[in-house]
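K.L.:
This is the structure, below, for whatever I ask next.
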Amino acid sequence: MKKILCTIILFSLALVLNVSCSPQENPYWGDGSEEFDVQQVFTGERFPNVVVATDGSVIATWGSNSYQVRRSEDGGETWGPVITVADPGFHGGGVTVDKNSGSILAFVEEGHPPAPLTVYRSTDHGVTWEPFDVTIHADEKGNVPSMHMNERGITLRHGEYAGRLIRPSRSYGEGNDREFWESHYTNAIYSDDGGETWQTSAPFPANGTGEAAIEELSDGRLYYNSRRHLSTDGLTPLRRHIAWSDDGGQTWDNLSVSNDLPDGPQDTDYGLMAGLVRLDIDGHDILVYSNVDSESGRNTGTIWASFDGGKTWPVKRLIEEGGFAYSSLAAGRNGTPSEGWIYLMYEGGDPYGYAYMTRFNLPWITGGRDWRDFLD
């Protein structure tokens, strides 16, 4: 009877205090042991994107001359052969998994943009790819965006826009030469019909931007994190620029500059493509960001973690002391061989020319410190 009474009291206290008597479920924590490994997956070209298919296959994409894919069906333990999707082909970034259908969309430009675009679709988790007819509408300025070289796209999960596909994109304005950078701006394309028709969002609220990442938080707001290679308003281009959307990615507001997240080496305003992912944990907004933590040069690849949806970034950890350039992040899917893993694909070597895939878990990021210590 005492044991039953104690249980009732504890349960009542849990309800009153809104706490749980058992640890909150977190597939990225496992048993709390730190896990990390790294493999070389490509060589000879540039531009990484990594996604996890709906069946848990890890899809690594790469290429500045030809668009290449490698797959892992065992959570990143081993990798299959190179699949050439387009030759020639220039990686447009923004590889997007449609969680509604399981299809994967890859955006391939003929060369450095502005350039003609072909979208390829896989309906078998990255094994085969076929050209996919799409329509991309111009933005409010009359510009049809380019794709290169942004973080992967996502499928929205919340509210009236649930099921929408969205990925970062960009406008090169009058051209790609430095004299035209002031006319550059990032934006996004979004689709409500499985990727056949895409609308283009309003511009990000700062020019001189490009190469961005988008994540959806648990309240349905979209967090937009952008490289900025030219400041036109006095804001520092050495740190990442942030904006938000409350309408499913149609408009972007509340521009700010991160105090924590660098935008490439701190001796140049040129910036660097970064990785970003939200871990799929109900009710929590844990974000992981990747870039260099370097005073000079593209080296010292590092990840940062936020446990409050990007407000603060209390944890960082070194990935690679040597060469580290463009990077991309993805998270494993529950109930598949990828469950619990966080994947980081990055350019390495001296200066580049190799693609490395790391996988690690949340205990590795925190150095074994309990993840709940960082919650509000």
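K.L.:
Around G348, what is the net charge, scoring Lys/Arg as +1 and Asp/Glu as -1 over all other residues with Cβ under 10 Å from its Cβ?
P.N.:
Neighbourhood net charge equals -2.
K.L.:
Give me the percent relative contact order of the range 309-376, please, defined on Cα pairs under 8 angstrom at least 6 residues apart.
P.N.:
Relative contact order comes out at 27 percent.
K.L.:
What are the residues whose amide H is under 5 Å from the amide H of R157, where those residues sit 5 or more places off or on another chain and H is modelled from the backbone?
P.N.:
G163
K.L.:
Ok, one more. Starting from 0.36 nm per residue, how many nanometres of slack lie between E174 and T312 once their C-alpha separation is accounted for?
P.N.:
That works out to 46.1 nm of additional length.
K.L.:
Would you mind calculating the gained length between H112 and E321 on full extension (0.36 nm times residue separation, minus the Cα-Cα distance), in nm to one decimal?
P.N.:
Additional length available on full extension: 72.3 nm.
K.L.:
Next question, about the same structure. If amide H atoms are built 1.01 Å from N in the plane of the peptide, which residues on other chains or at least 5 residues away come under 5 Å of the amide H of T128?
P.N.:
For T128, the qualifying residues are T123.
K.L.:
Give, as ranges by residue number, the residues of the range 112-144 whose backbone N falls under 18 Å from the point 7 Å along Cα→Cβ of D192.
P.N.:
In the range 112-144, the label zone of D192 (backbone N under 18 Å from the point 7 Å along Cα→Cβ) covers 135-140.
K.L.:
Oh, and also: Among R228, R359, which comes first, then next, by fewest other beta-carbon atoms within 10 Å?
P.N.:
R359, R228
K.L.:
Shifting gears a bit: Tell me the label-point distance for the pair S33, H137, using the 7 Å Cα-to-Cβ offset, in nm and rounded to one decimal.
P.N.:
Here the modelled spin labels are 5.3 nm apart.
K.L.:
Could I ask something else about it? If you average the sequence gap of Cα pairs under 8 Å that are 6 or more apart and divide by the length of the range 35-374, what percent do you get for the contact order?
P.N.:
Reported relative contact order: 16 percent.
K.L.:
Of W29, I166, T135, which is farthest along the charge dipole of the chain in the positive direction, counting Lys and Arg as +1 and Asp and Glu as -1 at C-beta?
P.N.:
Selected residue: W29.
K.L.:
Quote the charge dipole size of the chain about the Cα centre in Debye, to the nearest 20; the model charges only the Cβ of Lys and Arg (+1) and of Asp and Glu (-1).
P.N.:
Rounded to the nearest 20 debye, it is 680 debye.
K.L.:
From the phi of every residue in the range 195-202, what ³J(HN,Hα) in whole Hz does the Karplus formula 6.51 cos²θ - 1.76 cosθ + 1.60 yield, where θ is phi - 60° and glycine or proline is x?
P.N.:
x, 6, 10, 10, 9, 10, 6, 5
K.L.:
How high is the FRET efficiency from T78 to L255, r the C-beta distance, R0 45 Å, rounded to 0.05?
P.N.:
The calculated FRET efficiency here is 0.55.
K.L.:
For a quick check: sort D31, D192, D74 by the number of other beta carbons within 10 angstrom, fewest at the front.
P.N.:
D31, D74, D192
K.L.:
So what are the ³J(HN,Hα) numbers for the range 360-372, from phi and the Karplus equation (6.51, -1.76, 1.60; θ = phi - 60°), rounded to whole Hz, Gly and Pro as x?
P.N.:
7, 10, 5, x, 5, 4, 7, x, x, 6, 4, 4, 6
K.L.:
Mind listing the phi-derived Karplus ³J(HN,Hα) values for the range 218-227, rounded to whole Hz, using 6.51, -1.76 and 1.60 with θ = phi - 60°, and x for any glycine or proline?
P.N.:
Each residue of the range 218-227 in turn: 5, 8, x, 6, 9, 9, 10, 10, 10, 5 Hz.
Rule-based calculations on the coordinates, nothing more; no lab input. Quick caveat: nothing in here was measured; it's all calculated off a predicted structure. No Cβ is skipped: glycine too gets one built from the backbone with ideal geometry, and neighbour counts run over all protein chains shown.
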